[in-house]
Amino acid sequence: MRSLLVFGVLLLATGCSSGSGSLGGTGGAAGGGSGGVGGSGGAGATGGSGGAGATGGAAGTGATGGMAGAAGSGGAAGAGGNPRVELDTNMGKMVFELDPVRMPITTANFLAYVDAGFYDGTIFHRVIPDFVIQGGGFTSGLVSKQTNPPIVLETSPEVLHDYGALSMARTSVPDSATSQFFVVNAQAGAHSLDGDYAAFGKMLEGSATLDAISAVQTSSQQGYDDVPVTDVVINSAKRL
């Protein structure tokens with residue numbers, strides 16, 4: 001089964017090596033399994049993350065040096081609506097609807113990074129056609145970013161890795177996801193990941209952008225595979 005480890009843990013984690021197609025995250029160490037997809041395994045930022053607000057509530061305040069927690073599920077999405085996030089890249093925009101009901105911890109974690117501006121200026125550091133694009137942990141030159149502490153793995157039989165699914169990358173340790181995420185670019189989906197990775201959102205707009213990013217030229221850089229030759233930059237990530 002193709003796995004997804006974080007770039008930096010599996011693929012581009014600091015000081016790691018990875019095989020073709022692996023997806024690793026910051027801070028961990030992982031062998032390069034073909035097509036693996038992983039999430040960040042790095043140490044949390046000093047102080048840790050603030051608590052997530054209750055449904056519709058206010059964001060928790062992060063401890064000193066930490067990142068403020070995400071606003072409560074639905075709190076910024078309007079009455080009865082799920083949160084939506086726009087990723088504005090140098091190749092176009094993608095809009096995702098998140099799933100705070102079935103994936104509350106994962107959604108709150110992602111929104112905490114969005115609200116803090118963490119993803120602004122980061123890159124998609126791993127691109128594998130007919131599988132996934134992965135980002136959220138590195139800036140240009142494969143410089144890793146410090147993250148909040150990892151979260152527990154959430155899965156749901158009703159939330160699948162279809163085309164356009166937004167999911168968290170992690171290390172081989174289930175409860176290791178931090179900031180890194182991936183988007184499924186396989187038209188048939190990447191259902192070998194179902195039940196093992198936390199899919200928590202679906203694409204509403206931007207399939208042309210996803211397909212364009214998936215077609216960029218990649219190479220091996222600093223010992224890592226599947227790295228775009230020209231940076232694919234997330235200019236901004238924001239709630240809608």
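A few remarks follow.
- Set side by side, the residues Ser179, Ser220, Ser236 differ, and just one is in contact (Cβ under 8 Å) with a residue 24 or more places away in the chain, hydroxyl-bearing (Ser, Thr, Tyr) and in a strand (DSSP E or B), which is Ser236.
- Taken over the range 146-162, the criterion of being among the hydroxyl-bearing types (Ser, Thr, Tyr) and either more than 24 Å from Ala188 (Cβ to Cβ) or surrounded by fewer than 17 Cβ atoms within 10 Å (Cβ to Cβ) (or both) is satisfied by Thr147, Ser156.
Each reported figure results from applying straightforward, stated rules to the coordinates on display, with no laboratory input. Predicted model only: the values in this text are computed from it and were never measured. As a convention, Cβ positions derive from the backbone with ideal geometry for all residues, glycine included, and neighbour counts pool all protein chains shown.
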